[in-house]
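Everything on this sheet refers to the single structure shown next.
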Amino acid sequence: MDNTKKIDDVNQYIVISMGDEQFGIDIRYIDNIVKMQHITRVPNVAPYIKGVINLRGEVLPVMSLRLKMGMENDVETKASRIIILRLEQLGMLGIIVDEVKEVLTLDEEDMEKTTSSNGKEEKDSFVFAVGKYGESLVSLLDLNTVVSFD
């Protein structure tokens, strides 16, 4: 009997916390995780765009994940981080998160797809599935929806 799993059956996510909730970001899109640093404001942008940072000579836009998801504004702590995402359609972009917790490996059977949100909270529309690990649940983010600009 063949017990080997296909690579596609296993997904790794960085678990982040935003307030009391936990979210997962597909590790394939993460370029870097950096400590909070000075963010230069940019005028006339959406409220969830905090500004830009200079990361190794490259200027990157930084987005507040909290504000984009309709949550209260960021409160910077020692645990706050900027996750640098590398996305095909947008290039590199930073998102501010409250805390980076751990790397989580999920099999397909540990993930349950969510239905489209009809009148639910705004942040629920950014979630494509819920991952189960142990007794905990983590909402898996659809990055294309999260980083889309209105």
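If packing is taken as the average number of other Cβ atoms within 10 Å across a peptide's residues, how do 59-66, 77-84 rank, most packed first?
The peptides rank, most packed first, as 59-66, 77-84.
Can you give the net charge of the other residues whose Cβ lies under 13 Å from the Cβ of residue 104, counting K and R as +1 and D and E as -1? Could you put the intermediate results ahead of the total?
Values: positive: 101, 132; negative: 26, 102, 107, 110.
Within the 13 Å Cβ shell, the charges total -2.
I'd like the per residue volume of the convex hull spanned by the Cα atoms of region 7-52, given in cubic angstrom.
Details: hull volume 5.9 nm³, N = 46.
Looking at region 7-52, the number lands at 128 Å³ per residue.
Return the subset of 78/113; 35/132; 35/68; 50/132; 78/132 for which the Cα-Cα distance in this structure is over 24 Å, preserving the input order.
Too far apart for the 24 Å limit: 78/113; 35/132; 50/132; 78/132.
Ignoring ligands, DNA and RNA, what percent of the 1.4 Å accessible area of the chain is carbon and sulfur?
48
From the C-alpha gyration tensor of region 23-150, pull out the three semi-axes of the equivalent ellipsoid (sqrt of 5λ each), sorted largest to smallest, in whole Å.
Largest first, region 23-150 gives 25, 17, 14 Å.
Determine the shape class of region 36-90: with a ≥ b ≥ c the square roots of the Cα gyration tensor eigenvalues, call it rounded for a/c under 1.5, and otherwise prolate if a/b is greater than b/c, oblate otherwise. Intermediate values should be presented prior to the final figure.
Values: a/c = 1.39, a/b = 1.20, b/c = 1.16.
Rounded, because the longest to shortest axis ratio a/c is under 1.5.
The values are calculated or read from the model by the stated rules, or taken from the named source; none is laboratory data. This structure is a prediction, so every number in the text was calculated from the model and none was measured. When we count neighbours, we look across all protein chains shown, and the Cβ atoms used for this are built from the backbone with ideal geometry, even at glycine. What goes into the accessible areas is simple: the full protein's heavy atoms, side chains included, and nothing from ligands, DNA or RNA. Shrake-Rupley method; radii C 1.70, N 1.55, O 1.52, S 1.80 Å.
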